[in-house]
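Note sheet for the following structure.
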Amino acid sequence: MRIAVGAPGNGAVLKEALRAFLEDDPRVSEVVDLSTADITYPEVSFQVAEAVREGRVDRAVLVCGTGLGTTIAANKVPGVRAATAHDLVTVRGSVENYDAQVLCMGQNVIAAPAATALLDVWLDLRHDPAGSYAPRLEEITAHEAR
C-alpha cells in the first residue's frame, strides 16, 4: 500500500511518529511525505488529497492540531473522503462504512502510541462496496458531481 502523509507545523511531531511507523510496516510499500517546513494545513491537505485522487497513493494520513482543519480541507477535493478519527469506532467506521481514503488526526488530541495503535488497525480495514452504506456513498457522490 502506498501512503501519503502530511502536516503543517502544529502536527509535525505526531506526523513524524506516524511516518516512522508506516515506513517500518511491511504492509506499506511506500510513504510519501508532502510536508514542508512552512506549509499551511489547507495546502498540505489539498496536496495529499490530490495524490489520493490521482492514484499516486492508495491512502493518506494528515495531522494538524485537532484533525478537523485537515479533514475539512481534504474533503474539498472531489472524490476524496477524509475523516477525523481518534478512537477505534471512528477509525473502523471511516473505512468500513464511509470508504474514507484519508485519516486525519490531531496532535493536540491523541498521543503518538494511541495514534500508531489506531493506524495499525486502519491499515487492515477495507470498505465493502456492497454493504449497507453503499447507497449513502452513491448519494454523496451524486451530490458532489452536481
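Kindly check whether there is at least one residue in segment 131-146 that is among the aliphatic types (A, V, I, L, M) and assigned to a loop (DSSP other than H, G, I, E, B).
No, the conditions are met nowhere in segment 131-146.
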For Leu34, are the conditions met, namely being among the hydrophobic types (A, V, I, L, M, F, W, C) and under 17 Å from Leu118 (Cβ atoms)? no
Counting only strands (runs of 3 or more DSSP E) entirely within segment 7-104, those with at least 3 residues that are crowded, with 23+ Cβ neighbours inside 10 Å and under 13 Å from the mean Cα position of the chain (by Cα) are 59-64
Under 7 Å by Cβ, and 6 or more places apart or on different chains, what pairs join a residue from segment 6-35 that is within 17 Å of Gly69 (Cβ to Cβ) and modelled with pLDDT of 95 or more with one that is outside any strand (DSSP E or B) and of a type in the set (Phe, Trp, Tyr)? Pro8/Tyr41
Name the residues in segment 53-105 that are modelled with pLDDT under 95 and within 16 Å of Glu43 (Cα to Cα), would you? Pro78
In this structure, is Gly93 of a type outside the set (Val, Ile, Thr) and on the phi > 0 side of the Ramachandran plot? no
One residue is enough: does segment 15-33 have a residue meeting the conditions under 22 Å from Asp128 (Cβ atoms) and touching a Cys at 6+ places or on another chain (Cβ under 8 Å)? no
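The values are calculated or read from the model by the stated rules, or taken from the named source; none is laboratory data. Bear in mind that the values here come from a model prediction, so they are computed numbers and not experimental data. Quick reminder, even Gly has a Cβ in these numbers, built from the backbone with ideal geometry, and neighbours come from all protein chains shown.
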